[in-house]
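Asks: Supplied in structure tokens, the structure appears directly below.
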Amino acid sequence: MSEFETVQEIILKAYRNMSREIWDHVSGGTESETTLLRNRQALDSLGFRPRVLRDVSRVDPSTTLLGKRLRIPVFLAPLGGLSRIHPEGPLLALNGASRFGTLIFLSSVNGSMELEEAAELTKDSLVFQLYIRGDRTWVDAYLERVAGAEIRGFCLTVDIAIYSRRERDLVNRYRPPGRETGEREGFRYQSTMTWDFVDRVRERVAVPLIIKGVATAEDAELAVKHGADVVYVSNHGGRQLDHCFGSMDVLPEVVEAVGGRAEVVIDGGFVRGTDVLKAVALGAKAVGLGKLQAWALAAGGETGLITMLEILEEEISVSMGLLGIRTLDELAPSFVGQVAPVRYPAELSPFPSIEATISKERREGLSLGLRKRDNRR
Ligand SMILES: Cc1cc2nc3c(=O)[nH]c(=O)nc-3n(C[C@H](O)[C@H](O)[C@H](O)COP(=O)(O)O)c2cc1C
């Protein structure tokens, strides 16, 4: 029996395990955090139109992405600095993803694991996400490694041409991975990327290509034109440009622009089974988990991660039955409609029972003292 019955218990445990700096780094966004909150608001602005009397005695929540069967339409989004969240973060996330039966997008700045080492552990579940940190020679050498790795996919994140001002980190004087003095110079190369660069990648790497950070129909069209196999709708979880639309607000225009020529995936604010089903109804193949992945690792390592995915699986299966569908391909836009959100979006608004506890602990500063000493993660 797991120690956790609900995702909110996992998040509360994560909060208590994490230092304030790491909690804020993981949970916060850019400047006013408007984009981050709009991710939530966009999900809360959709209501279901369930169908009844359709024999849902057997429900199958699985799907495929990049040719791999996923147990649920959920994968682990790339997280830099995984090893600050848990000392063995990259290893546990890789093992957790492959044991559960999904894909992990491993960030090149994960903190401790190289591409080859990860591929050795699990080629079948691995997508590698690269940040450009060097000149042409650096890039070519990296692309050669990717080409030889026989992994599921290669992901270029394109919404981070400039690193944004994440004010919780600035206020905490916290230096996120890759932002220490001396590391900033390499970031310049990320800013020089253009669509020509995507063409060069396409020429050199036969591995399926994912373009992550698309937020408009125009760029979705370009991504397909330049050879993307997967168009990944994302605003980096509200961690890059402030005052964007919520991810779910732009999913329909991206799905329409792509027109079935590539798979479409999405992330940004997904923490519940119902969130995932809304994205699938509007045409996404699967949904990436950012913060929730980090919280689950901080709460319970690999077991925490797998338990979180199992709870989502249960939530998705229950909601599929209640929507009147047995398989995900029965979902369609007609299953959702626009509604007014019932609550204001906030950091933990989908989890009303822990919201108050966490803000109380934060106010009392109780955990601050405790967690300063217990700053392992
Ligand atoms: C701690 C943290 C580190 C991240 N690092 C990366 C990264 O290295 N590469 C990347 O493409 N996206 C990165 N992201 C963005 C996530 O991949 C994803 O787009 C975002 O977290 C999704 O929103 P969510 O956190 O609301 O699920 C990071 C997000 C977090 C929370």
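Bear in mind these aren't lab numbers, they're just calculated from the coordinates by the rules spelled out. Owing to the predicted nature of the structure, the values given are computational and were not obtained by experimental measurement. Please note: Cβ atoms are built from the backbone with ideal geometry, for glycine as well, and neighbour counts cover all protein chains shown.
Asks: Taking the Cβ-Cβ separation of Ile162 and Tyr344 as r and a Förster radius of 22 Å, what is the calculated FRET efficiency to the nearest 0.05?
Replies: For R0 = 22 Å, the calculated efficiency reads 0.15.
Asks: Of Ala332, Asn39, Ala141, which is farthest towards the positive pole of the range 7-373's charge dipole, taken about the Cα centre with +1 and -1 on the beta-carbons of Lys, Arg and Asp, Glu respectively?
Replies: Asn39
Asks: Another question, then. Hey, fewest Cβ within 10 Å first, where do Leu92, Leu322 land in order?
Replies: Details: Leu92 23, Leu322 15.
So the ranking, lowest neighbour count to highest, is Leu322, Leu92.
Asks: Cα convex hull of the chain: how many Å³ per residue?
Replies: Value for the chain: 132 Å³ per residue.
Asks: Follow-up question, since we're still on this one. Between exposed GluC sites (Glu not before Pro) in the chain, where DSSP calls loop and at most 14 other Cβ atoms lie within 10 Å, what's the longest gap?
Replies: Counting only loop sites that pass the neighbour cut-off, the longest clear stretch is 184-377.
Asks: Determine the sum of side-chain charges near Lys212: Lys and Arg each +1, Asp and Glu each -1, restricted to other residues whose C-beta is under 10 angstrom from that of Lys212. Write out the running numbers ahead of the final one.
Replies: On the way: positive: none; negative: Asp159, Asp267.
Counting the neighbours of Lys212, the net charge comes to -2.
Asks: Which residue, Asp135, Asp275, Asp159, has the most motion in a Gaussian network model of the chain that connects Cα atoms within less than 10 Å?
Replies: Residue with maximal mean-square fluctuation among Asp135, Asp275, Asp159: Asp135.
Asks: Moving on to the next point. Only four residue types carry charge here, +1 at the Cβ of Lys and Arg and -1 at the Cβ of Asp and Glu. Report the dipole size of the chain about the Cα centre in Debye, rounded to the nearest 20.
Replies: 720
Asks: Now a separate question. Quick one: if you stick a label point 7 Å off each Cα along the C-beta vector at Ser112 and Asp55, how many nm between them?
Replies: 5.1
Asks: Right, another one. Give the percent of DSSP beta bridges with both residues in the range 7-373 that are antiparallel, rounded to the nearest 5.
Replies: Antiparallel bridges make up about 20 percent of those DSSP assigns within the range 7-373.
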